[in-house]
Amino acid sequence: MSQRQTGVAYRVLVDMIAGLLLGGFLGYWLDRWLGWAPYALVSGLILGFIGGVNNAWRAIREYSAAAARGEDDRRLP
Amino acid sequence: MAEMHSPMEQFEIKRLLTWKIGGLDVSFTNSSSWMIIAVILATAVFVVGMRRRALVPGKLQSAAEVGYEFIAGMVRDNVGDEGKKYFPFILTLFIFILFCNVLGLVPYSFTVTSHIVVTFAMAIFVMVGVTLIGFARHGLHFLSFFVPKGVPAALLLLLVPIEIISYLIRPFSLSIRLFANMLAGHTMLKVFGGFVVMMGLLGGWAPLAFIVVLTGLELLIAFLQAYVFAILTCLYLNDALHLSH
């Protein structure tokens, strides 16, 4: 695995984790404030995960599109 | 035997001068002082480096020129000609993060970018700015960015909220990436530094050798993360300018 592929893998990893963290955090505080426990936390985690995977998927798609064109891809680390 | 310090102690914010404005704590901290040092050093490299404007550049001038051309190329490749207007901002962002990261590796210094408030402030600034640029350029048509092309109308009900959520996650992933890398790297260095002291003169050489290797890796990461922050800013800017998916 090249250095660049490792970079893409790390980028995708953080994309997915950030979605979960944000969704979980917002859900947790909505639960605390509005007493919706545990629905806001659960739906926040699910929505955050979906959003994170969507971002990760887009990053991978950009990378493989550039790789398929055979470009020396400078767009992605 | 030296006293033991927690590996997280290095990230502590200390007030150097205590200032309060209307109940708000705006003290001058070690974090602020290292930001100022980074700004002064970065300015010095560019101002002093470019003072002579020699045709055959010296060391400092080469460094300044390499940094300039590196970012200029990045903006040209990723944003295109419209990106020229935003080049000064991206260069400043890159140089500031790079200097903060590298200065953090100096012993007894403080790593500004290891705090999520700092990286998040930069990321949210970038994202709000990029969104405003998108609206200023395309008006309400910018909202079509959230509508994937070639999708049945029924699915749009599901996909548009997902696209909006994904967009809102971006500043968080941008800031977490930089902050987590800095935090993890410096904690690792400190933990292995603790091993050296604990294992003493006999066994301490192995972790010491590891620290040497790790410091080299951290230097690479310091550069790489500044690069990643700058290039993702370019990509987001490109999305807003060209509404490309």
Expected output for the stretch B:86-111 (first residue farther than 14 Å from B:Ile221 by Cα and touching a residue at least 60 places away in the same chain (Cβ under 8 Å), partner outside any helix (DSSP H, G or I) and small (Gly, Ala, Ser), Cβ below 9 Å, 6+ apart or cross-chain) is B:Phe110/B:Gly104
State all residues of the stretch A:44-61 that are touching a Leu at 6+ places or on another chain (Cβ under 9 Å) and more than 8 Å from every other protein chain (Cβ to nearest Cβ); if no residue qualifies, say none.
-> A:Gly44, A:Leu45, A:Phe49, A:Ala56, A:Ala59
Flag if A:Leu30 is within 11 Å of chain B (Cβ to nearest Cβ) and either touching a residue at least 12 places away in the same chain (Cβ under 8 Å) or surrounded by 13 or more Cβ atoms within 10 Å (Cβ to Cβ) (or both) = no
Inside the stretch B:139-159, the number of residues satisfying the requirement of being in a helix (DSSP H, G or I), more than 12 Å from every other protein chain (Cβ to nearest Cβ) and surrounded by fewer than 16 Cβ atoms within 10 Å (Cβ to Cβ) is 10
Residues in the stretch B:26-63 that are over 21 Å from B:Leu105 (Cα atoms) and surrounded by fewer than 17 Cβ atoms within 10 Å (Cβ to Cβ) total 16
Exactly one of B:Phe195, B:Phe172, B:Phe179, B:Phe210 is in contact (Cβ under 8 Å) with a residue 12 or more places away in the chain, in a helix (DSSP H, G or I) and in contact with a His (Cβ under 9 Å, 6 or more places away or on another chain), and that one is B:Phe179
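Matching residues to (1) at positive phi; (2) over 14 Å from the mean Cα position of the chain (by Cα); (3) at pLDDT below 95:
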| position | (1), (2), (3) |
| --- | --- |
| B:Val66 | no, yes, yes |
| B:Asp81 | no, yes, yes |
| B:Ile97 | no, no, no |
| B:Leu105 | no, yes, yes |
| B:His115 | no, no, yes |
| B:Met122 | no, no, no |
| B:Val128 | no, yes, no |
| B:Arg137 | no, yes, yes |
| B:His141 | no, yes, yes |
Any helices (runs of 4 or more DSSP H) falling wholly within the stretch B:22-138 and containing at least 1 residues that are of a type in the set (D, E, K, R) | B:59-79, B:116-138
Within the stretch B:160-184, of all residues that are polar (S, T, N, Q) and at the interface with chain A (Cβ under 7 Å from one of its Cβ atoms), the one surrounded by the most Cβ atoms within 10 Å (Cβ to Cβ) is B:Ser173
Among the candidates B:Gly134, B:Gly83, which residue alone is within 14 Å of another protein chain (Cβ to nearest Cβ) and buried (at least 19 other Cβ atoms within 10 Å of the Cβ)?
-> B:Gly83
Here are B:Ala64, B:Ala54, B:Ala44, B:Ala72: which of them is free of Cβ contacts under 8 Å to residues at least 24 places away in the same chain, within 14 Å of chain A (Cβ to nearest Cβ) and hydrophobic (A, V, I, L, M, F, W, C)?
-> B:Ala72
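The values are calculated or read from the model by the stated rules, or taken from the named source; none is laboratory data. Everything numeric in this text was worked out from a predicted model, so none of it was measured. All Cβ positions, even for glycine, are placed from backbone atoms using ideal geometry, and neighbour counts span all protein chains on display.
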